[in-house]
1. Output the residue which, of all residues in segment 203-222 that are within 18 Å of the chain's Cα centre (by Cα) and in a helix (DSSP H, G or I), is farthest from His77 (Cα to Cα).
2. Name every residue in segment 223-233 that is in contact (Cβ under 8 Å) with a residue 40 or more places away in the chain, assigned to a helix (DSSP H, G or I) and open to solvent by 30 Å² or more (accessible area, probe 1.4 Å), in order of residue number.
3. Within segment 96-109, is even one residue farther than 27 Å from Asn206 by Cα and surrounded by fewer than 16 Cβ atoms within 10 Å (Cβ to Cβ)?
4. Could you check segment 42-78 and list, in sequence order, the residues that are open to solvent by less than 10 Å² (accessible area, probe 1.4 Å), outside any loop (DSSP other than H, G, I, E, B) and either among the basic types (Lys, Arg) or farther than 25 Å from Leu135 by Cα (or both)?
5. Is it true that Gly41 is in contact with a Ser or Thr (Cβ under 8 Å, 6 or more places away or on another chain), closer than 24 Å to Ile209 by Cα and of a type in the set (Gly, Ala, Ser)?
6. Where the second residue is part of a loop (DSSP other than H, G, I, E, B) and not aliphatic (A, V, I, L, M) and the first is under 26 Å from Asp199 (Cβ atoms) and open to solvent by less than 40 Å² (accessible area, probe 1.4 Å) and lies in segment 110-138, which pairs have Cβ atoms under 7 Å and are six or more apart or on separate chains?
7. Do we find that Gly39 is touching a Lys or Arg at 6+ places or on another chain (Cβ under 8 Å), outside any helix (DSSP H, G or I) and at positive phi in this structure?
8. Between a residue in segment 208-219 that is touching a residue at least 12 places away in the same chain (Cβ under 8 Å) and of a type in the set (Val, Ile, Thr) and any residue that is open to solvent by less than 30 Å² (accessible area, probe 1.4 Å) and outside any strand (DSSP E or B), which pairs come within a Cβ distance under 8 Å, given they are 6 or more apart or on different chains?
Amino acid sequence: MSIVKLFCFPYAGGSASYFSSWKSLFSSSIELCPIELKGRGRRVNESHYKDFNDLVEDVFWAIKPQITTGNYAFFGHSMGTLISHRLYHKIAESNLPLPCHLFFSGKGAPHISRDDLTIYHKLDDEIFRKEVMDLGGTSKVVFENKDLHNLFLPMLKNDFRICEENLFDLYIKPINKDITVFVGKDDDISAEEIIGWRDQTSGICNIHIFNGGHFFLNHYLKEISSIILRSVG
């Protein structure tokens, strides 16, 4: 039986540990490979990324030895979707084996611009904390504990900064693989941004809309894992 490595990329402020509970959801045909980014988890003492290209370069060299043999796929949520998307094109430009499938979650198509989006990294700390708490996904304890707050807040703000300063290259070619998109019905993602994913691939684009907001996936892991298994397992 062929095993597919599923590289998982976290949301802003997220770590590889977020995906630890996912292992029990998959059969032996999928090897879960959560990616740890700088500034969190076992890499907590490493300096923050300078920009989004710095992040992508770091991840590219981390996974490069693992993508030259066998099938693999990408899953990313929110910031992780941006990582997966840019990383695919980095791999394509490097003439390396491409992922067999890409799963994009909690993010609109990157080429669709909006003028009404909140620029989170420019908010003052108090408003920033409130906005992030409203998104969900971050424990209240993190902001109430002084030591955790002092460690977490700069990393989280930096994640938002590099994503919000990230520029989409309008001249890149469409993804030459099938993609699957997961979104929450109540998330701040427009219909145009959702449908726009169809323009990002020359393959099939499957779109799944779930009840809930930005972190809808916390309530639909069983359904999402089933879709992943049907797609690559």
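1. Checked segment 203-222; the qualifying residue farthest from His77 (Cα to Cα) is His219.
2. From segment 223-233, those in contact (Cβ under 8 Å) with a residue 40 or more places away in the chain are 224-225, 227-229, 231-233; that's our starting set.
Checking the rest, the ones that are also assigned to a helix (DSSP H, G or I) come to 224-225, 227-229, 231-232.
Scanning segment 223-233 gives Leu229, Ser231.
3. no
4. Answer for segment 42-78, where residues must be open to solvent by less than 10 Å² (accessible area, probe 1.4 Å), outside any loop (DSSP other than H, G, I, E, B) and either among the basic types (Lys, Arg) or farther than 25 Å from Leu135 by Cα (or both): Val59, Phe60, Ile63, Tyr72, Ala73.
5. Against the criterion (in contact with a Ser or Thr (Cβ under 8 Å, 6 or more places away or on another chain), closer than 24 Å to Ile209 by Cα and of a type in the set (Gly, Ala, Ser)), Gly41 does not qualify.
6. So the pair list comes out as Pro110/Phe168.
7. When the stated conditions are applied, Gly39 does not pass them.
8. Within 8 Å, the pairs are Ile209/Ile194.
The values are calculated or read from the model by the stated rules, or taken from the named source; none is laboratory data. Note that the structure is predicted; figures quoted are calculated from it, not measured. Cβ: placed from backbone, ideal geometry, glycine included. Neighbour counts: every protein chain shown. Side chains are part of the model used for accessible areas, which takes the heavy atoms of the whole protein and leaves out ligands, DNA and RNA. Shrake-Rupley method; radii C 1.70, N 1.55, O 1.52, S 1.80 Å.
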